[in-house]
Amino acid sequence: FRELIEILAISRNQKLPQPGEESQILELLIQRDGEFQELMKLAVDQGKIHHEMQLLEKVVEKRDNDIQQLQKQLKEAEHILVSS
């Protein structure tokens, strides 16, 4: 976008604008806008995926804690059985 704005500024400073130059710049702007929109969609999709991954990580962390608690209880039960 910066390059296109610079081209526009330069062409306005020239005494005689070249024919078709404005339409080329407009086409480039439209093309860049399309690319930008695609990137924005990709960013939104990646944001959704990232959020989902965070939720899954929390579930995994909770399951890990549950497993650790069960292992601890199992060791306590084993210790009780061994000592009796």
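Checking each residue in the stretch 26-53 for being within 24 Å of residue 2 (Cβ to Cβ) and either hydrophobic (A, V, I, L, M, F, W, C) or over 20 Å from the mean Cα position of the chain (by Cα) (or both) picks out 26, 27, 28, 29, 30, 31, 36, 39, 40, 42, 43. State whether the residues of the stretch 54-68 include one that is under 30 Å from residue 6 (Cα atoms) and of a type in the set (Val, Ile, Thr). Among the residues of the stretch 54-68, not one is under 30 Å from residue 6 (Cα atoms) and of a type in the set (Val, Ile, Thr), which makes the answer no.
Any read-out appearing in this document is the output of simple, stated calculations on the displayed coordinates, not a laboratory observation. For clarity, every value in this text was computed on a predicted model and none was experimentally measured. Every residue, glycine as well, gets a Cβ built from its backbone with ideal geometry; the counts of neighbours run over all protein chains shown.
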